[in-house]
Structures are given as structure tokens and as C-alpha cells.
Amino acid sequence: MTSISYDRVPAAVCLDMDGTLVDTERLWDIAVYELAEYLGRPLDEATRERTLGNSLPGFFAILGEYTGRTIEGAEFDRLALRLNSRVTDLMRSDMRWRPGAEELLEDLASVSAPVALVTNTTADVAAVPLEFIDRSRFDVVVTGCMVADPKPAPDPYLLACARLGVEATTAVAVEDSVTGATAAVAAGCRVLYVPSTDGQPDVVGAHTHPSLTGVSASGLVALTSGAPVGMAVGQSGP
């Protein structure tokens with residue numbers, strides 16, 4: 001496939017992890033569907049789509065609504081441990097790149113673009129894919145436990161840009177879910193939205209693209225130059 005290039009590179013790039021860089025959503029699928037079965041109500045596809053890219057509290061709020069259970073306190077901790085342990089085991093045995101992701105990271109390194117990893121995944125679970133990807137590729141890593149309000153709030157992207165020392169409006173974010181793309185748009189980033197599953201709707205303010213295959217560092221600018229850029233709504237939480 002012909003590379004998509006342009007004559008500029010982003011001031012900074014913020015990359016989601018699950019479903020964007022690594023093909024782990026299919027592993028989360030296994031763990032999530034198993035957990036719903038355990039709770040007594042097999043998960044439907046529409047509800048699974050709603051959970052994509054969510055933080056653990058966001059995921060369990062949706063799952064609790066779906067199963068008719070209140071998932072909080074000790075029950076939250078127990079089910080979170082069950083879910084995270086299962087997906088971590090799956091990741092250790094079957095980690096794969098998303099198409100074009102490794103090549104994009106290599107190109108970003110070649111032009112010395114500042115790069116942040118921005119994920120809703122907790123630090124303990126993120127450690128496994130980060131070992132596969134190579135933590136040294138990133139100048140900054142923001143995980144879901146580092147902000148008061150994770151995606152779809154803008155906080156993770158605002159924190160990443162602050163730590164990179166750039167304005168969010170000068171950064172390009174790459175996401176695979178409605179939850180993540182919504183967060184990046186709200187932060188004010190230019191957003192390349194590459195859905196990891198079929199049927200996800202477009203996100204206002206994000207530029208939808210089918211794959212990262214052939215996308216270079218400068219191509220991120222080309223692909224998002226015409227996309228509306230959201231206004232940062234400010235970091236929420238205390």
C-alpha cells in the first residue's frame with residue numbers, strides 16, 4: 001500500500017494502546033464475555049461495543065446495568081481482579097500488533113516526534129502489552145489509574161500533553177474506539193480514528209480512517225488536517 005505522507009510532522013503524537021497499537025480487543029472480548037456469563041447474563045454485541053475503550057469503573061457501570069447487579073466495593077474489586085487476571089493471562093500467550101502500528105512507531109522515532117501512550121487500562125495490566133511494544137518508545141505513559149476521570153473525559157490526553165510540554169491543539173491522537181476518540185476530541189487534539197471493530201459510529205471532530213497501514217508520522221498531519229479540532233473543556237475532577 002502506498003504510504004500517506006505530507007511535508008510536516010505533528011508537534012506530538014498521543015497513541016491509545018488496546019485496539020490501536022496491539023490487537024488485544026479480541027482478548028478483552030474473551031475475558032468480558034466470560035465474565036458476563038459468570039454473572040448470569042450472556043453479553044450482547046451492542047453492550048460489548050458500549051464497553052470498548054472504557055475504564056474499569058465505566059465498564060462495570062455498563063455491565064452492572066446490563067446484568068441488573070450493583071458492582072461496587074468488595075464486589076468491584078473481586079470482579080476486577082477476575083477480569084484483569086484473565087486478560088493478562090491471554091495477553092501473555094497471544095500478543096499481536098495492529099496493522100501498521102509498529103511501522104508508525106518506527107517512523108515517529110525516525111523523525112524524533114514526542115510520543116505518549118494514553119490508555120484507560122490500569123498500570124498492572126498495561127505492563128504486559130507495554131513489554132511487547134517496548135516502553136522505551138514512549139516519552140510519556142498515561143494509564144487509567146493516573147487521572148480522576150478517564151476516557152471519555154479529556155483528562156488522560158490533557159495530562160499526556162502537559163507532560164510532553166505541548167498544547168493539546170498541536171498534538172495528533174490516534175484512537176480505535178468511540179470512548180477514546182471522544183476523549184481526544186474533547187481535549188482539543190486532532191484525532192485519527194481507526195475503529196478496531198466493525199459497526200462503530202463516526203465521532204464528531206475525529207477523522208475516521210480504515211487502518212494504520214501505510215500511515216507515516218507526516219501522514220498523521222495529512223489525514224487530520226481537515227478534521228475539526230475540538231476545544232479543550234478543561235481537566236475535570238478535583
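Some notes on this structure:
- Ranking 130, 187, 83 by Cα position along the charge dipole of the chain, where only Lys, Arg, Asp and Glu carry charges on their C-beta atoms, puts 187 farthest toward the positive end.
- As a ratio to 2.2 N^0.38 Å, the alpha-carbon radius of gyration for segment 116-173 is 1.09.
- Taking all protein chains together, 193, 66 sort by accessible area into 66, 193, largest first [probe 1.4 Å].
- Taking only the Cα atoms of segment 15-88, the ratio Rg/Rh comes out at 0.94, with Rh defined as the Kirkwood radius.
- Computed with every protein chain present, the accessible area of residue 50 is close to 110 Å² [probe 1.4 Å].
- Amide H contacts under 5 Å for residue 208, placed H, 5+ residues apart: 193
- Accessible surface of residue 69 - all protein chains present, 1.4 Å probe, nearest 10 Å²: 90
- Exposure rank, largest accessible area first [132, 76, 138; 1.4 Å]: 132, 76, 138
- Difference of contour (0.36 nm per residue) and Cα-Cα distance, residue 135 to residue 81: 17.1 nm
- Taking the 1.4 Å solvent-accessible surface of the chain as the whole, the part contributed by carbon and sulfur is 52%.
- Among beta bridges from DSSP that stay inside the chain, the antiparallel ones total about 5%.
- Ordering 106, 75 by accessible surface, largest first, gives 106, 75; the 1.4 Å probe counts only protein heavy atoms, with every chain in place.
- Residue 148 versus residue 222: modelled label distance in nm, points set 7 Å from Cα along the beta carbon direction: 4.2
- The figure for residue 110 is an accessible area of roughly 80 square angstrom, using a 1.4 Å probe on the protein chains alone.
- For segment 74-161, the Kirkwood estimate of hydrodynamic radius, built from reciprocal distances between every pair of different alpha carbons, is 14.4 Å.
The values are calculated or read from the model by the stated rules, or taken from the named source; none is laboratory data. Just so it is clear, the model here is predicted, and its values are computed rather than measured. Don't worry about glycine lacking a Cβ; one is built from the backbone with ideal geometry, like all the others, and counts go over all protein chains shown. Protein only, heavy atoms only, side chains kept; ligands, DNA and RNA dropped before computing areas. Shrake-Rupley method; radii C 1.70, N 1.55, O 1.52, S 1.80 Å.
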